[in-house]
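These notes concern the structure reproduced below.
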Amino acid sequence: MKRLCVLGSGSKGNCTFIESGTTRILIDAGLSATQIENRLASLGVAAQTIQAICITHDHVDHYQGARVFCNRWGTHLYANRKTMQGIIRSHALFSGLHWHLFQTGELFRIGEIGIQSFHISHDASDPVGFILTLGSTRIGFCTDLGTVTESVYEALEPCAVIVLESNHDPRMVAASDRPEANKIRIAGKKGHLSNQESARFAVRLAKAGNLKRVYLAHLSEECSRESIARQTLCSAFHKNGISGVEICMTHQGKKAMVWNFEKTGRKKAAEILPKKRKFHKKQNFSPVKSFFDWFFGS
Ligand SMILES: [Zn+2]
Ligand SMILES: [Zn+2]
């Protein structure tokens, strides 16, 4: 089975579950260990079957549940050196965990999942996004960035699915009672992507032709709304004549819609038996077909 589920996303905690065959990993563990366990259980996934957690950067909303989770279940942590050092500087007890260090940009594997990190512009020790390769499908993770650089675009351009930050509405930030320094940080080149910046980037990726699904992530609770983030991207797609790219919302308090590749796999098996399909007209209306059509554009 191949699945992706954003278990939770927002400024209070981020965690995404990815599965490919027998390999199960998390990207970030910023929810509490109990929340992660409960949301995994709602997918029928036991916490002890998670092999690894890949950490994007050393801000607590991306790792605060990792220590308890790893101690309970023996899970291994993957990060670059500066991120590990930044976490241990803030929380010394993380030093006793099973760390695996990667160099930003190098390709490594955890079981059936290929993983490559790339630099992003954010005010952490050495923040990264990830590209995950599951068979022929690439999934991009890109939250917590103040600006989209060419290297970020190049990393995400081949991806069919992306989890992309759409953090705030600039007018809501300006109108909020946050300290001025905080407002400057959010809008700065090392802060967070606004809904408009995120939409512009998603349009560019969609025009490149590989993008099929966008999860809008890391929404500010105070300075955005799901409806505003979604509408901003919908309008941008509409203005640019883009159709066929699905927009999915992520949430802080509950898991997002699961992306299940298994349906695609079943359809592939059906595709190699065209004669059989001919005699099962109902297949034309099955959810499997619509998913396949959506995914491959056939
Ligand atoms: Zn964050
Ligand atoms: Zn951050």
Within region 146-177, the residues that are aliphatic (A, V, I, L, M) and open to solvent by 50 Å² or more (accessible area, probe 1.4 Å) are Ala174, Ala175
Among the residues of region 90-111, is there at least one that is open to solvent by 10 Å² or more (accessible area, probe 1.4 Å), within 15 Å of ligand 1 (Cβ to nearest atom) and out of contact with any Phe, Trp or Tyr (no Cβ under 6 Å at 6 or more places or on another chain)?
yes
Residues of region 147-159 being over 20 Å from Cys15 (Cα atoms) and either among the β-branched types (Val, Ile, Thr) or in contact with a helix residue (DSSP H, G or I) (Cβ under 9 Å, 6 or more places away or on another chain) (or both), in sequence order, are Thr147, Val148, Thr149, Val152, Tyr153, Glu157, Pro158
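Please tell me if Thr49 is within 19 Å of the chain's Cα centre (by Cα), modelled with pLDDT of 95 or more and not charged (D, E, K, R). Can you show your working first?
On the way: within 19 Å of the chain's Cα centre (by Cα): no; modelled with pLDDT of 95 or more: yes; not charged (D, E, K, R): yes.
When the stated conditions are applied, Thr49 does not pass them.
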If we take region 43-123, then strands (runs of 3 or more DSSP E) inside it with 1 or more residues that are touching a residue at least 60 places away in the same chain (Cβ under 8 Å) and not acidic (Asp, Glu) are 52-54, 107-110, 113-119
When Thr147 is run through (1) under 30 Å from Gly209 (Cβ atoms); (2) more than 16 Å from ligand 1 (Cβ to nearest atom); (3) not small (Gly, Ala, Ser), the failure sits at (2)
Scanning region 219-243 for residues that are touching an Asp or Glu at 6+ places or on another chain (Cβ under 7 Å) and part of a loop (DSSP other than H, G, I, E, B), the one surrounded by the most Cβ atoms within 10 Å (Cβ to Cβ) turns out to be Leu219
- Task: Would you check if there is a residue in region 22-38 being surrounded by 20 or more Cβ atoms within 10 Å (Cβ to Cβ), basic (Lys, Arg) and either within 16 Å of ligand 2 (Cβ to nearest atom) or at pLDDT 95 or above (or both)?
- Result: yes
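For the condition surrounded by 24 or more Cβ atoms within 10 Å (Cβ to Cβ) and away from ligand 1 (no atom under 16 Å from the Cβ), what is the one hit in Leu216, Leu193, Leu211?
Details: Leu216 fails: away from ligand 1 (no atom under 16 Å from the Cβ); Leu193 fails: away from ligand 1 (no atom under 16 Å from the Cβ).
Just a single option satisfies the conditions, and that option is Leu211.
The values are calculated or read from the model by the stated rules, or taken from the named source; none is laboratory data. This is a predicted model, so every value here is computed, not measured. Ideal geometry is used to build each Cβ from the backbone, glycine not excepted, and the neighbour counts take in all protein chains shown. All accessible areas refer to the heavy atoms of the entire protein, side chains included, with ligands and DNA or RNA removed. Shrake-Rupley method; radii C 1.70, N 1.55, O 1.52, S 1.80 Å.
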